[in-house]
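The values are calculated or read from the model by the stated rules, or taken from the named source; none is laboratory data. Note that this is a predicted model, so its numbers are computed, not measured. No Cβ is skipped: glycine too gets one built from the backbone with ideal geometry, and neighbour counts run over all protein chains shown.
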Amino acid sequence: MAHKHHSKRGSKAYSPRKRASKSTPAINAWPEIEGEVRLQGFAGYKAGMTHAFVVDKNNKSTTSGQEVQVPVTVVEVPPMKVAGVRFYERTHYGMKTVTEIWSKNVDKELALRLPLPKKVNTKKAEKKVEQAEVEDVRVLAYTQPKLITGVPKKRPELMEIRVGGGSIDERIDFGKKLLGKEIKIRDFAIEGKTIDVASITKGKGFQGHVKRWGVKLLTHKNSKHRRMVGNLGPFSPRWVHPNVPQAGQMGYHQRTEYNKQILLIGEDGEEITPNGGFLKYGVLKSNYLVIQGSLPGPSKRLIRFRDPVRSKSAGKEPETPEITYISKESKQGA
């Protein structure tokens with residue numbers, strides 16, 4: 001609970017609502033998995049939405065076994081490349097980086113994102129790994145926006161993706177084998193799997209009290225204003241509490257949606273592109289994902305995926321969805 005001497009103690013949920021520091025969402029929590037060693041995340045670019053007819057396989061649903069129309073989001077997921085491997089050890093102050101091993105052959109476009117190391121001393125880094133008690137292994141992967149036409153940029157995004165499953169030695173060997181190689185969406189997920197989605201929401205700029213927080217309009221007899229709060233709180237304590245709804249930045253916040261199901265993974269983007277292309281995106285040229293429901297952010301926004309941390313079907317084999325129809329009608333409003 002908050003106290004007058006510790007006014008910021010306790011959860012304030014999403015307040016203060018300030019702009020995200022960068023357009024690439026950060027993932028701070030990764031679930032532990034069992035089984036074979038594999039990557040626990042991926043990334044892609046949001047293309048747009050359409051609708052599909054899917055056979056409902058929920059036995060508790062009133063429409064079980066019937067075709068139902070569902071909204072779906074299409075995400076273009078071109079192959080990513082692994083630029084390096086980062087190793088962590090556990091200390092009294094949390095996880096700490098031991099060292100990194102960088103690939104000698106990375107794309108020249110990555111230099112637009114950060115200064116690349118001129119000399120790569122792999123033997124020295126491997127010696128540090130052998131001497132340390134490695135707790136976690138993550139690869140440094142970057143996107144390849146040059147392979148698609150919907151996003152007009154060349155500068156890739158660089159991010160950490162955790163290597164999970166198996167023993168720690170198997171993870172270290174797995175990470176080293178991926179250095180400089182391409183990874184595809186099939187290395188992370190299959191149809192029917194549930195995933196968590198992190199993205200930066202659509203920015204709406206500076207907005208007032210009513211639109212930002214949904215507070216009630218003041219009475220028409222109020223003096224001067226209606227679209228504002230009635231007061232900013234009591235006289236004592238003599239400060240404005242952070243839970244008082246006020247005007248400010250709305251949108252462009254990082255949000256995570258849990259347990260989104262993958263309905264389809266395809267390799268030819270043109271087979272899913274609607275007539276006239278996706279609005280404000282165009283024609284898909286690479287691999288793609290079809291995910292049930294909506295995802296945060298506008299078109300062209302980078303979206304990150306990870307294994308679910310709140311999965312209700314942990315340890316169960318995902319059922320392959322039965323899609324009978326996906327709409328390819330024009331989204332241009334004609």
Requested in this report: Would you mind stating whether residue 146 is part of a helix (DSSP H, G or I), of a type in the set (D, E, K, R) and free of Cβ contacts under 8 Å to residues at least 60 places away in the same chain?
Outcome: yes
Report task. Go through the residues of segment 287-294 one by one and say whether even a single one is in contact with a helix residue (DSSP H, G or I) (Cβ under 6 Å, 6 or more places away or on another chain) and either over 21 Å from residue 195 (Cα atoms) or not basic (Lys, Arg) (or both). Result -> yes
**Report entry** Which listed residue, of 242, 234, is in contact (Cβ under 8 Å) with a residue 60 or more places away in the chain, loosely packed, with under 15 Cβ neighbours inside 10 Å and assigned to a loop (DSSP other than H, G, I, E, B)
**Finding:** 242
Report task. Answer yes if at least one residue in segment 295-304 is β-branched (Val, Ile, Thr) and modelled with pLDDT of 95 or more, and no otherwise. Result -> yes
Query raised in the report: Is it true that residue 90 is out of contact with any Ser or Thr (no Cβ under 9 Å at 6 or more places or on another chain), surrounded by 12 or more Cβ atoms within 10 Å (Cβ to Cβ) and of a type in the set (Lys, Arg)?
Result: yes
**Report entry** Filter pass, residue 27 being touching a Gly at 6+ places or on another chain (Cβ under 6 Å), at pLDDT 90 or above and buried (at least 16 other Cβ atoms within 10 Å of the Cβ)
**Finding:** no
Query raised in the report: Is it the case that some residue within segment 100-107 is surrounded by 19 or more Cβ atoms within 10 Å (Cβ to Cβ), within 24 Å of residue 306 (Cβ to Cβ) and modelled with pLDDT of 95 or more?
Result: no
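This table checks each residue for (1) surrounded by fewer than 16 Cβ atoms within 10 Å (Cβ to Cβ); (2) touching a His at 6+ places or on another chain (Cβ under 9 Å); (3) at pLDDT 95 or above.
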{"residue": "3", "(1), (2), (3)": "yes, no, no"}
{"residue": "32", "(1), (2), (3)": "yes, no, no"}
{"residue": "41", "(1), (2), (3)": "no, no, yes"}
{"residue": "45", "(1), (2), (3)": "no, no, yes"}
{"residue": "51", "(1), (2), (3)": "yes, no, yes"}
{"residue": "60", "(1), (2), (3)": "yes, no, no"}
Report task. Restrict the check to segment 290-299 and report whether at least one residue is under 20 Å from residue 70 (Cβ atoms), within 20 Å of the chain's Cα centre (by Cα) and surrounded by fewer than 17 Cβ atoms within 10 Å (Cβ to Cβ). Result -> yes
**Report entry** Inter-residue pairs, beta-carbon under 9 Å, first in the same structural domain as residue 129 (by TED's automatic domain parsing) and farther than 21 Å from residue 174 by Cα and in segment 84-113, second basic (Lys, Arg) and crowded, with 17+ Cβ neighbours inside 10 Å, 6+ apart
**Finding:** 107/81; 110/81
Requested in this report: Would you mind stating whether residue 160 is over 22 Å from the mean Cα position of the chain (by Cα) and part of a strand (DSSP E or B)?
Outcome: no
Report task. Scan segment 289-309 and give yes if some residue there is in the same structural domain as residue 64 (by TED's automatic domain parsing), within 26 Å of residue 165 (Cβ to Cβ) and free of Cβ contacts under 8 Å to residues at least 24 places away in the same chain, otherwise no. Result -> no
